[in-house]
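Read the figures in this text as sums done on the coordinates, not as results from a lab. Bear in mind that the values here come from a model prediction, so they are computed numbers and not experimental data. Every residue, glycine as well, gets a Cβ built from its backbone with ideal geometry; the counts of neighbours run over all protein chains shown.
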Amino acid sequence: MRDAQVIVVGGGPAGSSAAYFLASQGVDVLVLDRARFPRDKVCAEYLSPECSRILDRMDALNATEATGAAHLEGMRVRAPNGAVIHGEFAANHGFSGFRDRGLAVRRTLLDSILLNRARSAGAHVTEAARVTDMSMHNGRVTGVQVLQQGKHQTLHADLVIGADGLRSVVARRLGLHRASRWPRRIALVSHYSGVDAIGRFGEMFVDKSGYFGLADVGNGVTNVALVVPVSRAAEVAADRTDFFEQWIAERPHLAGRFSNATRLEPVRATGPFASFAKRPWFPGAALVGDAADFFDPFTGEGIYAALRGGELLADVTATAIGSGKLDSLDRALTAYASRRKLEFKGKWKVERLVGSVISSPWVFNRIALTLQKRRDLADLLVGVAGDFVPAREVLRPRYMMNLLLSATFHR
Ligand SMILES: Cc1cc2nc3c(=O)[nH]c(=O)nc-3n(C[C@H](O)[C@H](O)[C@H](O)COP(=O)(O)OP(=O)(O)OC[C@H]3O[C@@H](n4cnc5c(N)ncnc54)[C@H](O)[C@@H]3O)c2cc1C
């Protein structure tokens, strides 16, 4: 017997988006999350301008803005040599997003709003229900095994959606999970009040051995995030708060801004976090969000990829789910894999390029000097990270030549 047409494992942005768009099309959806909401998530909490389009479609944009979410006009990135790249979302490159500003908002607030929107669309949500394994029959996923209030049970569905994040049980149990060899990074995140000179831009500070981010997340609170190579894991494990605060104290361009700041909560750590799925589907199952692919936090695209992935999956599969024909459903799942590739292929390339460049201070310093002078090139790159300029615009030979030639001739 079937408990729902679709079971969504995980009620983060990916799961809520998939559940919302499927339930809106009349599909019977059950969301299971091991957490009780509101729950927090280690994140820099920046939402690209194009996220607002999907939030609006989910009727979640007004509620998100009503929390006091900050509006960000663009990004500032400081290179190890002190060069500052300044890029804005509203620019003269001929592309415009759904909004010309990004948002920054606490995940405790955002994720609860999104899950409630899935509920309002008709999805059933069970919190504090941890999926421990898949239920299979003849090589096909037929449901999940769940642990809830100390009791194990099996729930059945035609489709199981793994939206259970970076360490996805669904991806692992189906043999789809792969850990990337590079870049292996870990992150530390906390929230502060009273950080000096916080403005309307997300800020990144790239260093020889990591990067540091600051963003206003509304209501006088600043999200402070530090990402370092996994080779520093032992130091972090020894005392993560000390590691975090030392990092700030040792850098004069940061230390001054924290002289009157108060840390509002313990420093949290996560990682290593580079991973991907061999493919985003299996007969009877699909992966979405971090469970399918993890985007490096530097470009701040994970939440968009999660929301867009859920929207895409629902668009491609809703009719087949409604038909109740499993072979149609599997065909729709292969179509989902192709559409994901089309949608995200360029971004994966840009992410890898950016990851390589920031790992090499010599190269990044030179490129930063160019982008500091060439606002047009910086705006285009920030637009790609904002998810409204197609990635191909910065992958074109002309863009690359502009960047590399002027970087080569800098003195
Ligand atoms: C340091 C850091 C900074 C980041 N900064 C940004 C940023 O500024 N902007 C941005 O866009 N992205 C950022 N990201 C990425 C972003 O956080 C993720 O891409 C996004 O949260 C993915 O959403 P998701 O729904 O796939 O997964 P998640 O948000 O992780 O949600 C997964 C859900 O699944 C549930 N779950 C997990 N396992 C089970 C189980 N076995 N059974 C039931 N439920 C389960 C969890 O409780 C959780 O609610 C950052 C990531 C990191 C690590």
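Table for the structure above
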| read-out | value |
| --- | --- |
| Axial C-alpha extent at least 30 Å, average Kyte-Doolittle at least -1.0 - helices from the chain (DSSP) | 302-323, 326-358 |
| Neighbour net charge for residue 278 - beta-carbon separation under 12 angstrom, K R +1, D E -1 | +2 |
| Residues in the stretch 115-139 reached by a label modelled at residue 152 [backbone nitrogen below 18 Å; 7 Å Cα→Cβ] | 129-137 |
| Nearby lysines by direct alpha-carbon distance to residue 373 (threshold 23 angstrom, same-chain neighbours under 8 apart not counted) | 208 |
| Reach of residue 347 by Cα under 22 Å, taken over lysines that are not fewer than 8 positions away in the same chain | 278 |
| Protection proxy ranking, peptides 67-75, 147-155, average beta carbon neighbours within 10 Å, highest first | 67-75, 147-155 |
| Relative packing of 233-244, 4-15, which averages over residues the other C-beta atoms within 10 Å, highest first | 4-15, 233-244 |
